[in-house]
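Trainee: Following this message is one structure expressed as structure tokens.
The values are calculated or read from the model by the stated rules, or taken from the named source; none is laboratory data. Bear in mind the structure is a predicted one, so any value in this text is a computation, not a measurement. All Cβ positions, even for glycine, are placed from backbone atoms using ideal geometry, and neighbour counts span all protein chains on display.
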Amino acid sequence: MNGYVHSVESFGTVDGPGLRFIVFVQGCGLRCAYCHNPDSWKMKDGKLTEISEIISELVKYKEFFDASGGGITVSGGEPLLQMEFVTELFKECKKHGIHTNIDTSGDLKFNTPERQQQLKELLAVTDMLMLDIKMFDAKKHKELTGKDNTHILEFGRLVSEAGVPMWIRRVLVPGLTDDEEDLENTAAYIKTLKTVEKIEVLPYHTMGEYKWKQLGYDYPLTGQLPPSDELVKHAEEILGKAI
Ligand code: SF4
């Protein structure tokens, strides 16, 4: 089986525990104002890649992943858009004893029995999952990403119910995603989930801006500054109350 892949990174250190082989899949239905990978939005722009190609590369470094408590992370783009590909990839990883992690924005509706079954199969071979809660308020989420988040919050509940360990992540953009009430509401939501082990606040950075320009898109956050250390700490304190 193959899937549309944007790129791979052999030794990632920021997308999950330990050293990780990161597969960035292509295709995303959100349009986050701060996106640093706008080149991953259109699925067909990716390279069709066989699972066997990924596995043969991955197993070369298995001892490093094992020694560091790492494994594979499928990020994006949005991995849920190629759920069957990720499921088959993870099944192969499990045969090799490799720890599996999904980095997702949860942007898929699981409102049919078929989708629910697909999710069940995916989560059965998923050791952990990192979920972005970009904003709690549905209207603000739509302004930031182009879609509301009802289905994303529901996805978090489904993962929790399935007993899969989760990390929750929030990109912090001053004046945009640092609203105190929204952080408090996000924390209250996280508290309702049973499997959250860690919360990460990721400071906004401008490294993706040049890609928007290269692609001919108007960057919506021109002039936006990253958050101060104090602001990041404050957000960490609010969200940290949830676990
Ligand atoms: S979910 Fe990720 S890849 Fe998709 S638009 Fe947002 S930041 Fe970009």
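Trainee: Is one or more of the residues making up region 114-132 under 15 Å from the mean Cα position of the chain (by Cα) and among the acidic types (D, E)?
Mentor: There is at least one residue in region 114-132 that is under 15 Å from the mean Cα position of the chain (by Cα) and among the acidic types (D, E).
Trainee: OK, next. If only one of I54, I98, I72 is over 30 Å from K147 (Cβ atoms), modelled with pLDDT of 95 or more and either of a type in the set (K, R) or crowded, with 20+ Cβ neighbours inside 10 Å (or both), which one is it?
Mentor: Details: I54 fails: over 30 Å from K147 (Cβ atoms); I72 fails: over 30 Å from K147 (Cβ atoms).
It is I98.
Trainee: Please verify whether D179 is free of Cβ contacts under 8 Å to residues at least 24 places away in the same chain and farther than 12 Å from I133 by Cα, treating the condition exactly as stated. It would help to see each step written out before you state the result.
Mentor: Values: free of Cβ contacts under 8 Å to residues at least 24 places away in the same chain: no; farther than 12 Å from I133 by Cα: yes.
Answer is no for this residue.
Trainee: Additional query: Considering (1) more than 16 Å from the ligand (Cβ to nearest atom); (2) in contact (Cβ under 8 Å) with a residue 60 or more places away in the chain; (3) of a type outside the set (A, V, I, L, M, F, W, C), say which one E53 fails and leave the rest.
Mentor: (2)
Trainee: Also: For region 101-111, state whether one or more residues are aromatic (F, W, Y), over 26 Å from K233 (Cβ atoms), surrounded by fewer than 23 Cβ atoms within 10 Å (Cβ to Cβ) and in contact with a helix residue (DSSP H, G or I) (Cβ under 8 Å, 6 or more places away or on another chain). Step through it out loud before you land on a result.
Mentor: Keep residues of region 101-111 that are aromatic (F, W, Y), which gives 110.
After this cut, where a residue has to be over 26 Å from K233 (Cβ atoms) as well, the list is 110.
Filter once more, keeping what is surrounded by fewer than 23 Cβ atoms within 10 Å (Cβ to Cβ): 110.
From the residues that got through so far, the ones that are in contact with a helix residue (DSSP H, G or I) (Cβ under 8 Å, 6 or more places away or on another chain) too are 110.
So far as region 101-111 goes, yes, one or more of its residues are aromatic (F, W, Y), over 26 Å from K233 (Cβ atoms), surrounded by fewer than 23 Cβ atoms within 10 Å (Cβ to Cβ) and in contact with a helix residue (DSSP H, G or I) (Cβ under 8 Å, 6 or more places away or on another chain).
Every residue, every condition in (1) near the ligand (Cβ under 9 Å from one of its atoms); (2) without any contact (Cβ under 8 Å) to a residue 40 or more places away in the chain, yes or no:
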{"residue": "S7", "(1), (2)": "no, yes"}
{"residue": "G16", "(1), (2)": "no, no"}
{"residue": "R20", "(1), (2)": "no, no"}
{"residue": "C28", "(1), (2)": "yes, no"}
{"residue": "N37", "(1), (2)": "yes, no"}
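Trainee: What tally of residues in region 126-141 results from selecting those that are within 17 Å of C32 (Cβ to Cβ) and away from the ligand (no atom under 13 Å from the Cβ)? Spell out how you get there, then give the answer.
Mentor: Within region 126-141, the subset within 17 Å of C32 (Cβ to Cβ) is 130-141.
Cutting the leftovers down to away from the ligand (no atom under 13 Å from the Cβ) gives us 136-140.
Total satisfying the criteria: 5.
Trainee: Residues K109, K91: which one is within 16 Å of the ligand (Cβ to nearest atom), among the charged types (D, E, K, R), at pLDDT 95 or above and over 13 Å from the mean Cα position of the chain (by Cα)?
Mentor: Only one candidate passes the filter, namely K109.
Trainee: Inspect region 126-134 for any residue being in contact with an Asp or Glu (Cβ under 6 Å, 6 or more places away or on another chain) and modelled with pLDDT of 95 or more and give the result as yes or no. Please lay out each step first, then the result.
Mentor: First, the residues of region 126-134 that are in contact with an Asp or Glu (Cβ under 6 Å, 6 or more places away or on another chain): 130.
Now drop any that are not modelled with pLDDT of 95 or more, which leaves 130.
Scanning region 126-134 turns up at least one residue that is in contact with an Asp or Glu (Cβ under 6 Å, 6 or more places away or on another chain) and modelled with pLDDT of 95 or more.
Trainee: Same structure, new question: Test of understanding: among G77, G69, which residue is within 15 Å of the ligand (Cβ to nearest atom) and at positive phi?
Mentor: One residue alone meets the criteria, G77.
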